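Asker: Dumping the structure here so I can ask a few things about it.
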Amino acid sequence: MGNDEKTAPRRVRIDHRQVRALAHPLRTRLLGALRVQGPATATTLAELLDTNTGATSYHLRQLAEVGLVTEEPDRGTGRQRWWRAAHDVTNWEATDFDDDPDARAAIEWIQAEQVRLFVEHAERWFAVRDQWPPAWRDAFGMSDSFMTISSSRLEALNAEVWQLLERYRAEADPGEPGAEQVYIFLGSFPLLLGSKR
C-alpha cells in the first residue's frame, strides 16, 4: 500500500471521472508503484516501469487532475517533481456505474487488469520460488474455497477478511528482520457450472 504509518489506510470511493482516468495500463501501474514503493519522481517511475519520462509525467498529471495522485512540492528541487498516491485503497461497488456505460466498461477493464497482474505476479513467483528460503516457501501459497452463501453473508465475509488484513497491516513493522513486501489477492465469484444463470 505504500503507507508505512500506523494509521488507517487512506481510502477513496472512486467516481466516474476517476474510474475513466484509471482505466489505462500505464496509469494503473503508476498508481500501483506509488502505493507500493512510496513517493517518486516521474524519472524514477519511468525507469521502474520501463517507459519514458514524458509519458510518465503526462499520465501522472492526468491522475492528479482527478485526485488519485498528488504532488509533494517540499521534496522537489528545481524542475524535479515528486508524486505520491493520494490514497492507499481504491473502493467501489459493482453497481456504482450502472448508469454510465463508459465508466462500467472502465471498471471491467480495471478488474480484468487486476486478474492479469495477479497471474503475472504468480508466474514470476513460480519462476524463482526455489531460490527462497524454506520458511518463505511454506508461508506463501494459494488456496480456494467453495461454499453456498447469500449475498449479504458474502458481503459480511469480505468485510471481515478485509478487517483482518487491515489489522495485520497496522501491526506490520517494515524494519522487522526478514520482513518482505507481499501481494495478497482476494476475489469471490459465483461458481458458474453448466448453464446456471
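Asker: Is it true that Ala170 is under 25 Å from the mean Cα position of the chain (by Cα), without any contact (Cβ under 8 Å) to a residue 60 or more places away in the chain, within 30 Å of Gln37 (Cβ to Cβ) and not in a loop (DSSP other than H, G, I, E, B)? Quick ask: steps written out before the conclusion?
Answerer: On the way: under 25 Å from the mean Cα position of the chain (by Cα): yes; without any contact (Cβ under 8 Å) to a residue 60 or more places away in the chain: no; within 30 Å of Gln37 (Cβ to Cβ): yes; not in a loop (DSSP other than H, G, I, E, B): yes.
The answer is no for Ala170.
Asker: Working carefully through the options Trp136, Trp162, find the one that is within 19 Å of Ala94 (Cα to Cα), in a helix (DSSP H, G or I) and in contact (Cβ under 8 Å) with a residue 24 or more places away in the chain. Give the derivation first.
Answerer: Values: Trp136 fails: within 19 Å of Ala94 (Cα to Cα).
Only one candidate passes the filter, namely Trp162.
Asker: Just a yes or no: is a residue in the range 177-190 of a type in the set (Phe, Trp, Tyr), at pLDDT below 90, out of contact with any strand residue (DSSP E or B) (no Cβ under 7 Å at 6 or more places or on another chain) and farther than 26 Å from Ala135 by Cα?
Answerer: The initial filter retains those residues of the range 177-190 that are of a type in the set (Phe, Trp, Tyr), namely 183, 185, 189.
Now narrow it down to the ones that are at pLDDT below 90: 183, 185, 189.
From the residues that got through so far, the ones that are out of contact with any strand residue (DSSP E or B) (no Cβ under 7 Å at 6 or more places or on another chain) too are 183, 185, 189.
Going one step further and asking which of them are farther than 26 Å from Ala135 by Cα, we end up with 189.
Yes.
Asker: Kindly indicate which of Phe189, Phe185 is under 27 Å from Glu120 (Cα atoms), of a type in the set (A, V, I, L, M, F, W, C) and surrounded by 10 or more Cβ atoms within 10 Å (Cβ to Cβ). Working first, answer last.
Answerer: On the way: Phe189 fails: surrounded by 10 or more Cβ atoms within 10 Å (Cβ to Cβ).
Testing whether each residue is under 27 Å from Glu120 (Cα atoms), of a type in the set (A, V, I, L, M, F, W, C) and surrounded by 10 or more Cβ atoms within 10 Å (Cβ to Cβ) leaves just Phe185.
Asker: Test each condition in (1) in a helix (DSSP H, G or I); (2) without any contact (Cβ under 8 Å) to a residue 60 or more places away in the chain for Ser145 and report the one that comes out false.
Answerer: (1)
Asker: Can you say whether Arg153 is outside any helix (DSSP H, G or I) and either over 23 Å from the mean Cα position of the chain (by Cα) or touching a residue at least 12 places away in the same chain (Cβ under 8 Å) (or both), as far as the supplied structure shows? Even if it seems obvious, please write down each step before you answer.
Answerer: Details: outside any helix (DSSP H, G or I): no; either over 23 Å from the mean Cα position of the chain (by Cα) or touching a residue at least 12 places away in the same chain (Cβ under 8 Å) (or both): yes.
For Arg153, the condition - outside any helix (DSSP H, G or I) and either over 23 Å from the mean Cα position of the chain (by Cα) or touching a residue at least 12 places away in the same chain (Cβ under 8 Å) (or both) - is not met.
Asker: Please go through the range 34-56 and pick out each residue that is closer than 19 Å to His87 by Cα, without any contact (Cβ under 8 Å) to a residue 40 or more places away in the chain and either surrounded by fewer than 19 Cβ atoms within 10 Å (Cβ to Cβ) or in contact with a Phe, Trp or Tyr (Cβ under 7 Å, 6 or more places away or on another chain) (or both).
Answerer: Once the filter is applied, which keeps residues that are closer than 19 Å to His87 by Cα, without any contact (Cβ under 8 Å) to a residue 40 or more places away in the chain and either surrounded by fewer than 19 Cβ atoms within 10 Å (Cβ to Cβ) or in contact with a Phe, Trp or Tyr (Cβ under 7 Å, 6 or more places away or on another chain) (or both), the range 34-56 yields only Gln37.
Asker: Sort out which residues of the range 78-110 are of a type outside the set (Asp, Glu), closer than 18 Å to Arg11 by Cβ and exposed (fewer than 13 other Cβ atoms within 10 Å of the Cβ), and write them in order of number.
Answerer: Asn91, Ala94
Asker: What's the total number of residues in the range 91-102 that are under 19 Å from Arg29 (Cα atoms) and either in a loop (DSSP other than H, G, I, E, B) or of a type in the set (A, V, I, L, M) (or both)?
Answerer: Of all residues in the range 91-102, those under 19 Å from Arg29 (Cα atoms) come to 91-92.
Add one more test, that the residue is either in a loop (DSSP other than H, G, I, E, B) or of a type in the set (A, V, I, L, M) (or both), and what stays is 92.
Summing the residues that are under 19 Å from Arg29 (Cα atoms) and either in a loop (DSSP other than H, G, I, E, B) or of a type in the set (A, V, I, L, M) (or both) in the range 91-102 gives 1.
Asker: Give me the helices (runs of 4 or more DSSP H) completely within the range 4-87, filtered to those with at least 1 residues that are within 29 Å of Asp99 (Cα to Cα), at pLDDT 90 or above and among the hydroxyl-bearing types (Ser, Thr, Tyr), ordered by residue number. Walk me through how you get there before you give the answer.
Answerer: On the way: elements: 16-22, 25-37, 42-49, 53-65.
Correct list: 25-37.
The values are calculated or read from the model by the stated rules, or taken from the named source; none is laboratory data. Just so it is clear, the model here is predicted, and its values are computed rather than measured. For neighbour counting, all protein chains shown are included, and Cβ atoms are generated from backbone atoms with ideal geometry for every residue, glycine included.
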